[in-house]
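Below: one structure, written as structure tokens.
The values are calculated or read from the model by the stated rules, or taken from the named source; none is laboratory data. Nothing here was measured: the structure is a model prediction, and the numbers come from that model. Note that we place each Cβ from the backbone using ideal geometry, even for glycine, and neighbour counts take in every protein chain shown. Quick note on the areas: whole protein, heavy atoms, side chains included, nothing else; ligands and nucleic acids left out. Shrake-Rupley method; radii C 1.70, N 1.55, O 1.52, S 1.80 Å.
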Amino acid sequence: MTTTTAQAPTAPVPKASHASLTWWLAAGLVGADIGTSVFYSTGVLWPHVGFAGPFFILAVCLCMWLFKTTYQEGCAVSPLNGGAYTMVLQTVGRRAALVVGSMTILSYLATAVVSALSGALYLATLWSTPWPMWLVVIVAAVPILLFAALNVFGLQESTKLVFAIAFFHFGMLIVMDVWGIWMIMQHPIPWDRLIHGASGFKGLASLDWKGVVLGFAFAFLGITGFESAAQIIEEIEAPNWRSVQKIYLSIVALVTFTSPISSLLALLMLDPAIIEGQKDSLLSALAYAEGGNTMRTLLVANACLTLFAAVNTAFAGATGLMTTMGKQGNLPGIVLKRWLHRSPLFKGFPFVSLPFAGLCVLMLLAFPGAVEKLGAIYGMAFLGVMSSYCVGVVLLRLHQPVKVGRAPWVSKMTVQINGKHLPIAPLIGAGLLLTAEVTQLLHDREARDLGVQLFLIVLLVMVYYRLGQVEQRMVLIPDLRLGLGKYRNMDILPSLPVYVLCMTGAHGNSLVTHISYLMRTFGENIEILVFHAEDQSEARGMISEGLERLISQQLEDFYENRDLILGAKVLPGNLIEVLPEYAKTRKLHRIFISTGHDAIASEELRNHLGNELGVEVVRLDEQSLPKGPGVWFTQWSQGLRRRERNWNTEDLAPEEGGRSD
């Protein structure tokens, strides 16, 4: 039988609801996190490289343009929440993705706690006497609890506040930088201290190789938060790949201008003794040198607000990641629940934001004075997450070329290795990030040990909940494969093109309608696999038994003269989770899903599966499918036409009074 190429009765694409975030709101969210680095990066580098700090900050800012290209490609090829977790899940596998997911959650916990503590400590500098630690902890808990409450109402509400803070932050930095450049031009500039050092402190020329490596490694703390946009890509306005380009262009340009200049001005305008004594608040000292107490007060307010705003970036990133993991069964499904039934204003995910806030408060109480140690843990986790993303983008080019080819944008800067065109930006970026990661791990043993302990706690929770369950279930629940027509009685069934029907139940007439449509469209000599993801609310094994009984006891006879293979596969979990896992075990040619009751949700599901699997996913319009085969099957199964079951798949409806062959 010749295969036809009839057009699939695909359902019309519904008009999607507007994404919650414009690109500039999302840019404010990302910028609030990256923007905090200007307050501490020069001070962190000072013990290692002295006056050479601005050179290393500038070098890392230039590297951000590589990471910008990397994240633009990753978000264009795979526009799904989850960032590095999703990237590794698609390219390496579930176990590696769980490790990266655990590392990402740890980085967001550390981000929230460090930002809240640092903001409280900056605020305390406005008082003449130091605050007691209990007061610092109470003040630090305020932004955590505030943003937890705001995120119950949805991401957009909290992001508007964060955007205003980020706008004020970068605006003030630009004013300070321009004013500072004008000031140093009015006086002799001690440029030589940058190269040769001063007052016993190092310059660029006096650095040994160890100082260069440490300086470069710790300078990467200046771009923490770069991952955040990839965590919420599904929430950003369409086309989200273009929005991501705007986000990273604006943020990278702002940081590349403000961070090196602010560092340069601080080291040129301040005396070495002041730098050494106030290295943890150098920008505050620079503000005082530029504009006295008024400028210093404004800067402290800026630092406090921006650091507090970075807490919300942690909430946003954790929400994007944890809801993605919840959809895929790696976290309990309760993280996806909302309180919309209580009020339409509750658009967020309370079972993410509230437990996340609780963990942050516990960390505040457990490590109230460990800002530097937690900051180091945050840096190590962040470097691991970003390097994982870079590796994932490279692996996408290697393992999923079809998916990459469909992307609206990919980098044209490639290098050919073994016949494969690999992107240069993530290759270089991964090498730089991994070098920095190893350097920090070897240098700060105390922070490394504590970080490993916290990481293992997070990972073990996930392992206990999910690790390996889906793979084990695939072994425990074998495939049903029946050969019909010329394939009947074969000991080993051949490999035929596999077309997957994702069904919600074991309904005979609906199943026959779909199967007959596939046979009419693609002909015989194919394998049709009926796939069902068994939700937790369903009785275990009920759908599996029903499908097996329907196919083996009725459809096997109904299609006995058709040359095809009929199969069934039921896996516990949700479709987004288990179908990609199953697709790793065999090649699938095309996948068909139904429109269901929610057209927008089914279209989102189609896009998600298409990106995840790299094969065409078709959303069938069930109302347009020919109903004749289903009606015929119903009558046949009732015993009305058992002798005339040799009907043709081209028949659209049963004839009155039967038909003779």
Note to self: If I ask for residues that are surrounded by fewer than 21 Cβ atoms within 10 Å (Cβ to Cβ), outside any helix (DSSP H, G or I) and among the hydrophobic types (A, V, I, L, M, F, W, C), which ones from region 346-364 would you list?
What the structure shows: F346
Notebook entry, point to check: Which one of these is open to solvent by less than 30 Å² (accessible area, probe 1.4 Å) and among the charged types (D, E, K, R): K403, K337, K420?
Noted result: K403
Margin query: For region 603-633, give me each residue that is in a helix (DSSP H, G or I) and small (G, A, S).
Written below: G610, S624, G628, G630
Notebook entry, point to check: Just for helices (runs of 4 or more DSSP H) wholly inside region 223-312: which have at least 3 residues that are open to solvent by less than 10 Å² (accessible area, probe 1.4 Å) and either within 13 Å of L29 (Cα to Cα) or out of contact with any Phe, Trp or Tyr (no Cβ under 6 Å at 6 or more places or on another chain) (or both)?
Noted result: 228-231, 240-269
Note to self: Looking at the structure I just gave you, is T324 surrounded by 21 or more Cβ atoms within 10 Å (Cβ to Cβ), under 19 Å from the mean Cα position of the chain (by Cα) and at pLDDT 90 or above?
What the structure shows: no
Check: Looking at region 461-489, which of the residues that are part of a loop (DSSP other than H, G, I, E, B) and at pLDDT 90 or above is surrounded by the most Cβ atoms within 10 Å (Cβ to Cβ)?
Finding: L484
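Residue under question is V391, and the condition is that it be surrounded by fewer than 24 Cβ atoms within 10 Å (Cβ to Cβ), assigned to a helix (DSSP H, G or I) and within 16 Å of the chain's Cα centre (by Cα); does it hold?
Details: surrounded by fewer than 24 Cβ atoms within 10 Å (Cβ to Cβ): yes; assigned to a helix (DSSP H, G or I): yes; within 16 Å of the chain's Cα centre (by Cα): yes.
For V391, the condition - surrounded by fewer than 24 Cβ atoms within 10 Å (Cβ to Cβ), assigned to a helix (DSSP H, G or I) and within 16 Å of the chain's Cα centre (by Cα) - is met.
Okay, residues lined up against (1) over 21 Å from L109 (Cα atoms); (2) in a helix (DSSP H, G or I):
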| site | (1), (2) |
| --- | --- |
| G317 | no, yes |
| L321 | no, yes |
| L331 | no, no |
| L340 | yes, no |
| P344 | yes, no |
Next item on the list: Go through region 47-62 residue by residue and tally those that are open to solvent by 10 Å² or more (accessible area, probe 1.4 Å), in contact with a Phe, Trp or Tyr (Cβ under 8 Å, 6 or more places away or on another chain) and either of a type in the set (V, I, T) or more than 15 Å from I223 (Cα to Cα) (or both).
Entry: 1
Checklist line | Residue within region 581-590 that is touching a residue at least 60 places away in the same chain (Cβ under 8 Å), crowded, with 17+ Cβ neighbours inside 10 Å, farther than 30 Å from D491 by Cβ and not aliphatic (A, V, I, L, M) present | finding: no
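Does I600 qualify as being open to solvent by 20 Å² or more (accessible area, probe 1.4 Å), touching a His at 6+ places or on another chain (Cβ under 6 Å) and either assigned to a helix (DSSP H, G or I) or among the basic types (K, R) (or both)? Show your work before the answer.
Details: open to solvent by 20 Å² or more (accessible area, probe 1.4 Å): yes; touching a His at 6+ places or on another chain (Cβ under 6 Å): no; either assigned to a helix (DSSP H, G or I) or among the basic types (K, R) (or both): yes.
When the stated conditions are applied, I600 does not pass them.
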Notebook entry, point to check: Quick check: is even one residue across region 94-112 part of a helix (DSSP H, G or I), over 30 Å from H399 (Cβ atoms) and open to solvent by 40 Å² or more (accessible area, probe 1.4 Å)?
Noted result: no
Note to self: Just to be sure I understand the filter: pairs with C-beta atoms under 9 Å, separated by 6 or more residues or on different chains, first member in region 212-236 and over 21 Å from T306 (Cβ atoms), second member among the β-branched types (V, I, T) and outside any helix (DSSP H, G or I). Which pairs pass?
What the structure shows: I236/T22
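Filter region 406-417 down to the residues that are open to solvent by 80 Å² or more (accessible area, probe 1.4 Å) and of a type outside the set (D, E, K, R), then identify the one that is nearest to the chain's Cα centre (by Cα).
So the first thing to find is which residues in region 406-417 are open to solvent by 80 Å² or more (accessible area, probe 1.4 Å), and the list is 406, 412-413, 416.
Imposing the further condition that a residue be of a type outside the set (D, E, K, R) reduces the set to 413, 416.
Values: M413: 24, Q416: 28 Å.
Within region 406-417, the match that is nearest to the chain's Cα centre (by Cα) is M413.
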